2 protein chains.
Amino acid sequence: MEYKISNKLASLKPSAIREIFKSLTDPTIISFAAGNPSPLSFPSEELAEISADIFKNQANVALQYGITEGYAPLRTAVEARMKEKFGIGRDFDTTIITTGGQQGIELTTKALCNEGDVVICENPSFIGALNSFRALGATPVGVPLNDDGIDVEILEKTLAETPNAKFIYVIPTFHNPMGITSTLENRKKVYELAKKYGVLILEDNPYGELRFAGENVPTYKSFDEDGIVIYCSSFSKILSAGMRIGYVCGPQDVISKMVVAKQVEDVHTNNFFQMLCHRYMTERDIDGHIEKIRGIYRAKAELMLSELDKHMPKCVKYTRPEGGLFLWCTLPNGTDSSEFIKKALAQKVAVVPGTAFNCDTEAPSDSFRLNYSMPSDEDIVRGISILSDIAREMFGE
Amino acid sequence: MEYKISNKLASLKPSAIREIFKSLTDPTIISFAAGNPSPLSFPSEELAEISADIFKNQANVALQYGITEGYAPLRTAVEARMKEKFGIGRDFDTTIITTGGQQGIELTTKALCNEGDVVICENPSFIGALNSFRALGATPVGVPLNDDGIDVEILEKTLAETPNAKFIYVIPTFHNPMGITSTLENRKKVYELAKKYGVLILEDNPYGELRFAGENVPTYKSFDEDGIVIYCSSFSKILSAGMRIGYVCGPQDVISKMVVAKQVEDVHTNNFFQMLCHRYMTERDIDGHIEKIRGIYRAKAELMLSELDKHMPKCVKYTRPEGGLFLWCTLPNGTDSSEFIKKALAQKVAVVPGTAFNCDTEAPSDSFRLNYSMPSDEDIVRGISILSDIAREMFGE
C-alpha cells in the first residue's frame with residue numbers, strides 16, 4: 001500500500017548523527033561522531049541509593065501519573081539553580097519540566113510556528129533542532145556563525161526580509177557543532193534586533209555548566225527584561241542523558257501554551273526520574289559532581305587540541321572550545337569535506353560531516369565535527385594522528 | 001508583550017480532566033473524575049529489585065542515550081506479547097517504544113496529517129487524543145458511538161463527504177469515556193469502510209488487558225491483512241503510568257516516519273524504565289500480576305454498578321463495562337449535565353462532564369464519566385448515593 005505521509009515529514013530524513021550512532025556498533029571504529037556525555041559523568045551509585053529510597057517511601061507517587069508542568073519540587077529546585085548559576089528568571093517567567101531539552105525546542109516551535117513559518121538559525125546548527133522545526137512544517141533559515149557569534153549584519157537583513165520569522169534559535173555557549181561561545185556584545189546586538197523586529201529568541205543551553213576554560217558569558221535570558229527569551233536546557237550532560245529530563249523557562253503566556261501541547265504529546269515526563277533529579281540536586285553535591293565532569297572534559301579537550309596542534313597541517317583550521325563536547329574542523333580553500341570523511345571512515349575514524357548541520361540540506365560543507373567526551377585518550381591520540389595523515393596526504397603541510 | 005501563538009495552539013484549552021486532576025487536592029472530595037490506575041496495580045517491590053540490579057550491572061547503558069526506536073529487547077518482548085495476547089503483527093509491521101501511549105497518538109497524527117486535515121473519531125472520545133489532533137492543526141470530526149461501536153452508516157456518510165480525512169481513531173475495547181466494547185461485526189464493517197475510502201485506522205488499546213467480564217473481541221490489528229491499522233498501547237494501566245512507556249505497532253513505511261518525528265520530539269523514551277519493563281516482562285509473572293489488577297477492577301466495577309442499580313433512578317442510564325476504568329452515565333431527555341455536575345461538586349463528588357469528550361467543543365452533553373479504579377469502596381458507596389439523591393431530586397424516580 002502507498003501511504004500518504006504528511007508534507008512536513010514526507011521529505012524529512014533521519015538525523016545523520018542518530019543514524020551514525022546506530023551504525024557505530026563496530027568496536028574497532030574510533031568514534032569522534034558521538035554527542036554522548038561520558039559515562040563517567042553519571043553518578044550511578046548515588047542515583048541507585050536515592051532510587052532505592054524512592055521505591056521504599058514514595059513509590060505510589062513516582063509510579064502514578066503526575067502533572068504536565070512537572071514535579072513541583074523539581075521545578076522549584078531548577079528555578080533556584082538557574083537563578084544562582086545563570087541569573088535566570090523574572091516575575092513574568094515560569095519553568096516546566098520537559099522530556100529532555102529536545103522537547104523544549106519542539107514545544108517552543110509548536111507554540112509559535114504555523115506551517116510555512118521560518119525559524120532563523122545560526123548556520124551550522126544543531127541537527128535535532130533543525131529537524132524539529134522541519135517536522136512541524138517550519139523552515140530553518142541560516143545566518144552564518146562567526147567567531148564572536150551569529151553574523152548580526154546578515155541577521156538584520158534576514159529579519160527585514162522574513163516577516164514570517166517567528167524566533168531566532170541560538171546555542172550561544174559551547175555551540176553544537178562549532179564549539180564556539182558568542183560574546184556578550186554579540187548577544188546584546190542579537191537581543192536588540194529580536195526586539196526591533198518583534199521576534200522571540202530560543203536560547204538552547206545544554207552545555208552551559210560544562211565550562212572548563214575562560215570566563216563566563218551572561219546568558220541571553222539573564223538580560224531579558226522584555227520577556228522575549230525562551231531558555232531551555234537539561235540534565236543530560238550533567239546527570240544522565242538516558243533519563244530524558246530537561247526544562248524550559250520562559251514568559252508564562254508562551255509556556256502555558258507549551259503545557260497544553262505537552263499534555264497531548266506525552267502527558268508528563270517520567271515521574272520517577274523527576275523525583276530522582278530533585279533529590280540528587282537537593283541532597284547531594286551536584287556542584288562537586290559537575291566540577292568532576294569539567295575536569296574530565298578539560299583533559300579530553302586539551303589532549304585533542306594538543307594532538308591537533310602537533311600533527312594537523314596548518315591549513316586545516318579548528319575551533320578551541322572553552323566547554324561543551326565538540327570542536328569543529330574546516331578544510332582549506334572551501335574543499336568539500338565528504339571525500340576526507342570517507343577516507344577517515346575507511347581508516348576506521350568516524351566524524352560527523354558538516355552537511356548534517358546545514359540549514360540548507362542541499363548545501364555542501366568544508367567542515368566536520370569532532371567529539372572529545374566519549375573517546376578514550378588512546379583513541380584521541382590515534383584518531384587525530386590518522387586524520388592528520390589524511391589531511392597531509394590531501395593538502396600537504 | 002503580546003505573544004503571537006500558532007493558530008493550532010491559540011484556541012486550544014488544557015484538558016478539563018488534567019485541570020480537574022490538579023484541583024483535586026482537597027482530600028474531602030470523592031473523586032470519580034480520575035483516569036488513573038489504582039496504586040495497587042504498581043508492582044513496586046519487584047520493580048525496586050530489578051531497578052537495584054540495573055543500577056548495579058547495567059547503569060552505563062540505562063543512563064546513556066539510547067536509540068529512538070526503543071530498547072531492542074523491550075521491542076522484541078512487546079512484539080511477542082502482542083502476538084500472543086492479541087494476534088498482532090505481520091511481516092509488514094514494526095513496533096517502536098513511545099513516551100506513553102499518548103505519544104503514539106501524537107506521532108501518528110504528525111506522520112499522516114497536514115494542518116487542516118480531518119481525523120474521524122468516535123463521539124465522545126478520549127480528550128487527550130482529540131487535543132493531540134487539534135495541537136497539530138487537524139480537526140476531529142465526530143461520529144456517534146452506539147452500543148455496538150461507531151455508527152457505520154454515519155461513518156460512511158462522513159467518509160464520503162470528507163476527502164481530507166486521514167484516519168479513523170477508535171478505542172474499540174473498554175472505550176474511554178463510555179466503557180463500551182465494539183462488536184467484531186462492527187469492527188469488520190469499519191475496517192472495510194476504511195479500506196474503501198483509503199484511510200487508515202488508529203486503534204488505541206490502553207485498557208485491552210483489563211478485561212474482567214465477557215469474552216475477548218479480536219483487535220482491529222489482528223485482522224489487518226492490508227496494513228491499514230496502526231495500533232498503540234502502553235504499560236500505564238498494568239505496570240506504572242508515571243514511567244511513561246508505551247508502544248506503537250504499524251506498517252513500517254508509516255512507523256519509519258514516526259521514528260524521524262520522535263527523534264526530534266524527545267530523542268528516545270527513558271532508557272532505564274524501558275529496561276525495567278523488559279526485565280519485568282521476561283523475568284517476573286506479568287500475567288499473574290495483571291490477573292490481580294483485573295480482580296481489583298472487577299470488584300470495584302461490580303460495586304459501583306450494584307450501587308447504581310440499587311439507588312440511581314431508572315431514568316438515568318449507564319453503561320456496563322466488561323473491563324477498563326470507566327462507565328458512562330446519561331441523564332434523561334437529553335438534559336444538559338452541567339447543572340447536575342455542579343450540584344455533585346457542591347456536595348463534594350467530582351465527575352468529568354461529557355462535554356470534555358465532545359469532538360465539537362461547543363456542543364452540550366447529557367452525560368458524564370465515572371471512574372471506579374481510584375476511589376475506595378466506601379467512597380464508591382457514598383458517592384453513588386449522593387449522585388443518586390441529586391438525580392432523584394432533579395428527575396424523580
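Assorted remarks:
- Some residue of region B:350-367 being farther than 30 Å from B:Pro140 by Cβ and touching a Leu at 6+ places or on another chain (Cβ under 8 Å): no
- Extreme residue, surrounded by the fewest Cβ atoms within 10 Å (Cβ to Cβ), among residues of region B:355-372 that are small (Gly, Ala, Ser) and at pLDDT below 95: B:Ala363
- Annotation for region A:337-350: at least one member residue is more than 14 Å from every other protein chain (Cβ to nearest Cβ) and of a type in the set (Asp, Glu).
- Residue in region B:52-67 that is under 23 Å from B:Pro206 (Cα atoms) and facing chain A (nearest Cβ under 10 Å) present: no
- Members of region A:68-77 found to be facing chain B (nearest Cβ under 10 Å) and among the small types (Gly, Ala, Ser), listed by number: none
- Residues in region A:90-117 that are surrounded by fewer than 20 Cβ atoms within 10 Å (Cβ to Cβ) and not polar (S, T, N, Q): A:Arg90, A:Asp91, A:Phe92, A:Glu115, A:Gly116.
- Some residue of region A:151-168 being touching a residue at least 60 places away in the same chain (Cβ under 8 Å) and closer than 26 Å to A:Glu362 by Cβ: yes
- If you check A:Ala59, A:Ala77 for being outside the structural domain of A:Lys166 (by TED's automatic domain parsing) and modelled with pLDDT of 95 or more, only one passes: A:Ala59.
- Among the residues of region B:132-178, those that are among the β-branched types (Val, Ile, Thr) and either under 22 Å from B:Glu106 (Cβ atoms) or at pLDDT below 95 (or both) comprise B:Thr139, B:Val141, B:Val143, B:Ile150, B:Thr162, B:Ile168, B:Val170, B:Ile171, B:Thr173.
- Hits in region B:302-332 - residues which are hydroxyl-bearing (Ser, Thr, Tyr) and not in a helix (DSSP H, G or I): B:Tyr318, B:Thr319, B:Thr330
- Within region B:240-288, considering residues that are more than 8 Å from every other protein chain (Cβ to nearest Cβ) and part of a loop (DSSP other than H, G, I, E, B), the one nearest to A:Ser236 (Cα to Cα): B:Ile245
- If you go through region A:158-182 and keep only what is of a type in the set (A, V, I, L, M) and not in a strand (DSSP E or B), you end up with A:Leu159, A:Ala160, A:Ile171, A:Met178, A:Ile180.
- Flag for A:Glu46 being farther than 21 Å from A:Val170 by Cβ, in a helix (DSSP H, G or I) and more than 8 Å from every other protein chain (Cβ to nearest Cβ): yes
- Looking across region A:146-174, the residues that are over 30 Å from A:Ser6 (Cα atoms), surrounded by 24 or more Cβ atoms within 10 Å (Cβ to Cβ) and out of contact with any Leu (no Cβ under 7 Å at 6 or more places or on another chain) come down to A:Ile150, A:Pro172, A:Thr173.
The values are calculated or read from the model by the stated rules, or taken from the named source; none is laboratory data. Everything quoted here is computed from the prediction, not taken from an experiment. Note: ideal-geometry Cβ built from the backbone for every residue, glycine included; neighbour counts use all protein chains shown.
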